[in-house]
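Right, one structure below, let's go through it.
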């Protein structure tokens, strides 16, 4: 890419770059204009492709809606993208996950990467824990011991 083009594109780049990889599950918040107002619509799915450089950089997100695969291509530096949240990281060994198009159901699952994002997701949405008090401890019944089988 020539330095002139790079210099001309620089003001239009995102201030904070989007941090995700192919295989990650994203929630992309998109600004939708309706008349003189705007609303935010969330498109959640798995990133199957990233391509391009500069302002032409795009990423493709795929999800299944009512049994049909829906793919949407987003420009990386578009002002219409309000934000991107990574809900889980996927461990993949390919740069393009086109093979997911031919799979359905559990075949579309990817191995999850347990790490920072998984820890952040767990901290962000803590699961409610039921604390046991003395009353609840005594109320919990212990399983009955198994009786030995009768001999014939």
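Multiply the residue separation of residue 58 and residue 93 by 0.36 nm, subtract the distance between their alpha-carbon atoms, and state the gained length in nm to one decimal.
Values: separation 35, 0.36 × 35 = 12.60 nm, distance 1.98 nm.
Extending this stretch completely gives an extra 10.6 nm.
For a Förster distance of 25 Å, can you work out the FRET efficiency between the beta-carbons of residue 38 and residue 6, rounded to the nearest 0.05? Display every interim value, and only then the final one.
Values: r = 31 Å, r/R0 = 1.23.
My answer for the efficiency is 0.25.
Read-outs: derived from the displayed coordinates by stated rules, not from any lab. Given the structure is predicted, the values throughout are model-derived calculations rather than measurements. Because the Cβ atoms are built from the backbone with ideal geometry, glycine has one as well, and the counts that use them run over all protein chains shown.
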